[in-house]
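The structure appears right after this line, and notes come after that.
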Amino acid sequence: GPFMAEDRNMAVVTCSAPVNIAVIKYWGKRDEEAILPINSSLSVTLHQDQLKTTTTVAVSRDFKEDRIWLNGTEDNITHPRLQTCLREIRRLARKRRNSGDENCNTFPTVSYKVHICSANNFPTAAGLASSAAGYACLVYALAKLYGLEGELSEIARQGSGSACRSMYGGFVQWVMGEKTDGSDSIAQQIKPESHWPELRVLILVVSAERKPVGSTTGMQTSVKTSPLLKHRAEKIVPERMKEMTEAIQCRDFESFAQITMKESNQFHATCLDTFPPIFYLNNISRRIINLVHKYNSHHGETRVAYTFDAGPNAVIYTLHQHVEEFVEVVKHFFPPEENGGHIRYGRPRYPPPPLVLPPQPSRPCP
Ligand code: DP6
């Protein structure tokens, strides 16, 4: 719960939230304002030991205005999506207060201004789902501050679509929903992380550069221009959601890995089908894709899978017994000495070393 200062004029809460990496991709909105997707999606939430966002929210009678700091620098509080999240949380808090819940007295006044401090323990520029962890963390921290419980992924979704999936650990689906008000477009946990303890995630940082086309504008152009995206949303994703859910329930790595790679490839194919086309993968990304396929066929089974979001960095899913060998293979083909010891902008960098991340054990935790 919130830490209340002696004079009860100030309350502070700090929370952290994890990153999630989609294996069935979200790409395209049917409603820009409410952030409603054209298809359901599914992701794995990563452990917070390696990647997380930490957010502190404070309210006080003495604060003159709402303010936000990101990674130590003050940012623009008037950002529409940030405003939506603040408004929706305050609406919920007022609703609860008006319902006459006695516990409300222990929580701060809704009309006080809020100060928000948020930081990532990983480079924001690397494009590693920082908005997902960021909005999940903000919504969770504010909910704790006002003592709100229950369905909060609907609010996180309105910050950034993929953020709703970071509200849960383990294997999480974002159900697209049907309603126009978005109340059924929410995240749900399919299985907790304990369901598949052998699963591992490696992140190969190909480039720490900022992506040229952001997800929001990229998917807008794709919805307008790509017939492949339409076909994918209507026909292919519903089938793959079923297959992927089954693969996870049965811990069937072969199926899990194959659907993951096909999903990544189709997502990047819709980017190429967008007009004008969007290129997120580079030559290094493509070399990693080839390497994974050669490695798997060498072993006569699917031991590793790649997936790429809106950038060139590779996320690898594998099982713990294959991590060591695959990391050696990556180091062999992308020798660290050739790539220098330092981050060189615009230059590939391997591996940093690859991060080994088990699925994440908990919800965003206070
Ligand atoms: C390729 O959630 O960043 O990572 O809703 O516009 O904020 P907005 O987009 P965002 O898109 C993520 C796209 C993706 C696929 C995924 O995570 O499912």
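For the reader, a short list of remarks on this structure follows.
- Between H293 and R90, the modelled label-to-label distance comes to 5.3 nm, taking each label 7 Å out from Cα in the direction of the beta carbon.
- Cα-based helix-to-principal-axis angle, 80-98 vs the chain, degrees rounded to 10: 50
- Ellipsoid fit via the Cα gyration tensor, the stretch 189-268: semi-axes of 27, 20, 11 Å, each the root of five times an eigenvalue, largest first.
- Electrostatic dipole magnitude of the chain [Cβ: Lys, Arg +1; Asp, Glu -1; Cα centre; debye, to 20]: 660
- For the stretch 147-218, the gyration tensor built on C-alpha atoms gives an oblate shape. Its axis ratio a/c (a ≥ b ≥ c) is at least 1.5, and a/b is not larger than b/c.
- Using distinct alpha-carbon pairs, which all enter the 1/r mean, Kirkwood radius of the stretch 1-155 in Å: 16.6
- Residue pairs, from the table K52/K294; K179/K224; K29/K191; K191/K262; K64/K144; K95/K235, whose Cα atoms sit over 29 Å apart: K52/K294; K95/K235
- Peptides 156-164, 194-202 ranked from most to least packed give 156-164, 194-202, packing being the mean of other C-beta atoms within 10 angstrom over each peptide's residues.
- Accessible carbon and sulfur surface of the chain relative to its total accessible area, %, 1.4 Å: 51
- Relative to the compact-globule estimate of 2.2 N^0.38 Å, the Cα radius of gyration of the stretch 129-185 comes out at 1.08.
- Cubic angstrom per residue, convex hull over Cα atoms of the chain: 141
- Inverse of mean 1/r across different Cα pairs in the stretch 23-84, Kirkwood, Å: 15.4
- Each of V57, G134, A34 was scored by the projection of its Cα onto the charge dipole of the stretch 22-169, and the greatest displacement toward the positive side belongs to A34; charges sit on the C-beta of Lys, Arg, Asp and Glu.
- Charge dipole magnitude, Cβ of K and R +1, D and E -1 - the stretch 37-152, Cα centre, debye nearest 20: 360
The values are calculated or read from the model by the stated rules, or taken from the named source; none is laboratory data. Keep in mind that what you see is a predicted model, and the values were worked out from it rather than measured. Every residue, glycine as well, gets a Cβ built from its backbone with ideal geometry; the counts of neighbours run over all protein chains shown. Just the protein is used for accessible areas: all its heavy atoms, side chains included, with ligands, DNA and RNA removed. Shrake-Rupley method; radii C 1.70, N 1.55, O 1.52, S 1.80 Å.
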